[in-house]
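The values are calculated or read from the model by the stated rules, or taken from the named source; none is laboratory data. The structure presented is a predicted model; accordingly, all values stated were derived computationally and were not measured. Neighbour counts are summed over all protein chains in view; Cβ atoms, including those assigned to glycine, are modelled from backbone coordinates with ideal geometry.
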Amino acid sequence: MAGNVIVPAFSLILVVGVALGVVAVVHFNNKDDDPRITGNVKAVQSICEHAEDQKLCHETLVPSKGSQDPKEYYKTAVETTINSVIKSLNMTNKLSVEHGNKDKGIKMALDDCKEMLDLAIDSLEASAKLVRENDIQAIYNNTADFTNWLSATISYHQTCMDSFDTDGEKKVREQLQSNGLNDMGKLTGMTLDIVSDLSKILESFHLKLNVKPASTDSRRRLLSVNVDSQGFPTWFSAADRKLMAQLQKKGGHHLRITPNVVVAQDGSGTHKSIADAIAAVPKNSNNRFVIYVKAGVYKEYVTVPKDATRVLMYGDGPTRTIITGNKNYAAGTKTMETATFSVIGQWFIAKSMRFENTAGWAGHQAVALRVSSDMSAFFDCGIHGYQDTLYVHANRQFYRNCEISGTIDFIFGHSRTIIQNSKIIVRKPGPSQFNTVTADGTERTKENTGIVIQNCEILPEKELYPERFQVKSYLGRPWKASSTTVVMESTIGDFVQPDGWTPWDGNIYLDTLYYAEYNNRGPGAALDRRVKWKGYRGAISKDEAARFIPGAFLEAGPSGKLYWLKATGIPYQIGFIAS
C-alpha cells in the first residue's frame, strides 16, 4: 500500500501524462472566496453539499490539513472509513471471546461479520491506493472502480448487520453498532455520495482541465486497460491470451486446453475433490489457473477464497458435473453459510457446471451459489434451488446461457449483476408460499447496483405449470430501500401476476425503489395492470434502458469498456439485443 501522495498546485500546470497520456492545465479561481471563511471550510462546503449526511461530511472533512486540493478530502474520507471498519473488526473479536462459545447462532453471526469486515477492508484499501497514488483526474477516470468498491463495502456492512436475526443476537449487534459498525455504514455512504458526484464537485472548485490528446503510440503504452484486436487487455500474458482464445473458439463442453488440475471421483485426475483442487491454486496469481471437473455428483461445500484469483473452472456440462449440498436456514444455518459453492477471489469464471441446493421449499433460505467475486462470469451453468438460490452478493457479475431456478427471492443480493440470454425457471413453492424472482438489496440511490435481466425467458417449471394461475408469482420485491431491478428484452410467461411486482412489507420502500421494464414480450409482459408505486418506472425509454446494458452497467477501469468481460472469452452482447 506504499505510495507517494501527489498534491497538484491548482495555480500551476498539472502534468497527468503518467496516468492519462495527456497534458492538463488547471486553474483555480478564488475570486468568489468569502474572506470570512477559510479556504478549507469553503472547500468542504463545496464537497459536502453533495452528501446526504452533510453534518457527518463536514465533521469528517474539515480536519483535512486546510488543503484546497479536492484529492486530500477524498483521502481523508476513505481513511476515516477504514478506521471505522478496523474498530468494528476489533469489536467482533472481543464479542467472539465473550459470546462465541455460548450460542451457535451468535458465533455464526460473528464469524460472518468478521469475514465481511475483512473483505470491506480490502475494498477500502483498494480505494485508498487509488486516491493515494493518483491525481484527481486519474481518480475521476476510475470512478467506476471506486464506486464499485464502496458499494461492495456497503454490501459487506449490510450482510454483517443482517446476520444477527434473532432477539438474542440483536443485542450483540447493538454492541457492534455502537462500536464502529454504525459509523462504518454512514461513512461509506457519505464517501460514495461525494465520489459519485466528483465531476460536479470539481466544477465547484472551478477546476478546468484543458485536455490535449497524446499520440496514439504513447496512449497505448500508458493506458493499462487498452484492448488489442482480439479484445484482450494488453497486460494479459501470452499464455492467458492463448487460453482465452481457445475458450472462445471451442465454445462447447469439451475445451481443448490443458488444465492445471483435474478433479475426478474415480481417481483418474490429480484430485478427488473440488475443495482440494481449490487449495492448489497459487495465491494472488496474475495467471489463469484452470480446473477441469470431470462428470460426477460432488457432495461438498466449496469456497474459492479471496487469494484464489483468476480461477477458470469448467465441467462436462450442467447435467453431468454437479456440485450439490442441502444446508439451509430451517436447520439452523445462517443464510450466507448455506451456500453449496461460494466465490470470493476476483476474475472467477465457471463454465458447463451445475450448482445446486436440494433443501427444498421447507428449508427456507438455502443458497446454491454465492458470488462476491469482482469481474466474475458464468457461462452454460445450472444454478438450482428453491428460496435464495443465487446470492449475487457483491461486485460486478455476468451470467450468460444459464438456467437459474427457484421460488422465493431466488436471485438476490447487492451487486452489479447482468443475467443475459438465460432461462429463469420458477418452481412450485410450498403451501401458502408465493414466488418472487428477484430481491435486490441496493440501499442508496448512488450505488449503481442492481439486477438486470436481459433477453431471458422467465417461465414456470413443469410441476408448477398446472397450478401456475393459483400460485402467485412476481418479478421481484424490494429487499432494501433503493432496490433496483430492470427486466428488458425478455419473454415473460403468462403465470406472472398482472401487477408484476409485490411489496416486501406493507408500504416499505415503494417510493424509493427503482423497478423498470423495457421492450419485453410474452403474455406476462403486459403493463396495463402493473403496480402504481412511485418507484415503479413502468416502460422506460431506450435512452433510460441504455444505463443498464452491459457496456454501461458493468464497466470497470478508466477505459469505460468491458475489458474484463472480453478477457473471459465468454460470449456476450454489449448493448441492446432485441432492439
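Before moving on, here are some points about what is shown:
- Subset of region 152-205 (residues that are on the phi < 0 side of the Ramachandran plot and of a type in the set (Gly, Ala, Ser)): Ala152, Ser155, Ser163, Gly168, Ser178, Gly185, Gly189, Ser196, Ser199, Ser204
- Summed over region 132-173, the residues that are among the basic types (Lys, Arg) and closer than 22 Å to Gly189 by Cα give a count of 2.
- Thr442 vs. criteria in contact with a Phe, Trp or Tyr (Cβ under 9 Å, 6 or more places away or on another chain), in a loop (DSSP other than H, G, I, E, B) and buried (at least 22 other Cβ atoms within 10 Å of the Cβ): yes
- In region 427-469, residue farthest from Gln497 (Cα to Cα) [restricted to those that are among the acidic types (Asp, Glu) and touching a helix residue (DSSP H, G or I) at 6+ places or on another chain (Cβ under 9 Å)]: Glu447
- Number of residues in region 526-546 that are over 17 Å from Asn455 (Cα atoms), part of a loop (DSSP other than H, G, I, E, B) and within 28 Å of the chain's Cα centre (by Cα) equals 4.
- In region 308-341, the residue that is farthest from Asp388 (Cα to Cα) out of those that are within 19 Å of the chain's Cα centre (by Cα) and surrounded by fewer than 22 Cβ atoms within 10 Å (Cβ to Cβ) is Arg310.
- Flag set for Lys55, criterion: modelled with pLDDT of 50 or more, among the basic types (Lys, Arg), surrounded by fewer than 15 Cβ atoms within 10 Å (Cβ to Cβ) and within 26 Å of Lys200 (Cα to Cα).
- Among the conditions (1) surrounded by fewer than 22 Cβ atoms within 10 Å (Cβ to Cβ); (2) of a type in the set (A, V, I, L, M, F, W, C); (3) modelled with pLDDT under 95, the only one that Leu554 does not satisfy is (1).
The rows are residues; the columns are (1) outside any loop (DSSP other than H, G, I, E, B); (2) under 27 Å from Gln175 (Cα atoms); (3) outside the structural domain of Leu176 (by TED's automatic domain parsing); (4) at pLDDT 90 or above.
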{"site": "Ile37", "(1), (2), (3), (4)": "no, no, no, no"}
{"site": "Gln45", "(1), (2), (3), (4)": "yes, no, no, no"}
{"site": "Tyr73", "(1), (2), (3), (4)": "yes, no, no, yes"}
{"site": "Asn93", "(1), (2), (3), (4)": "yes, yes, no, yes"}
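- Hits in region 342-365 - residues which are among the aliphatic types (A, V, I, L, M) and crowded, with 24+ Cβ neighbours inside 10 Å: Val343, Ile344, Ile349, Ala350, Met353, Ala359
- Residue in region 368-379 that is modelled with pLDDT under 95, touching a Ser or Thr at 6+ places or on another chain (Cβ under 6 Å) and not assigned by TED's automatic domain parsing to the domain that holds Tyr156 present: yes
- Filtered by the rule that a residue be touching a strand residue (DSSP E or B) at 6+ places or on another chain (Cβ under 9 Å) and in a loop (DSSP other than H, G, I, E, B), region 445-469 gives Asn448, Thr449, Asn455, Cys456, Glu461, Leu464, Arg468.
- Complete set of residues in region 455-474 that are within 17 Å of Asp388 (Cα to Cα) and touching an Asp or Glu at 6+ places or on another chain (Cβ under 8 Å): Tyr474
Residues are listed down the side, and each one gets a yes or a no for (1) of a type in the set (A, V, I, L, M); (2) assigned to a strand (DSSP E or B); (3) within 21 Å of Ala545 (Cα to Cα):
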residue	(1), (2), (3)
Ile383	yes, yes, no
Ala394	yes, no, no
Gln397	no, yes, yes
Ile411	yes, yes, yes
Ile419	yes, yes, yes
Ile425	yes, yes, no
Lys428	no, no, no
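- Qualifying residue in region 390-398 (condition: modelled with pLDDT of 95 or more, over 19 Å from the mean Cα position of the chain (by Cα), buried (at least 24 other Cβ atoms within 10 Å of the Cβ) and polar (S, T, N, Q)): no
- If you go through region 526-547 and keep only what is surrounded by fewer than 14 Cβ atoms within 10 Å (Cβ to Cβ) and closer than 15 Å to Pro503 by Cα, you end up with Lys532, Lys534.
- Scope region 158-187; condition in a helix (DSSP H, G or I) and under 16 Å from Lys334 (Cβ atoms); matching residues: Gln158, Thr159, Cys160, Met161, Asp162, Asp167, Gly168, Glu169, Lys170, Val172, Arg173, Leu176
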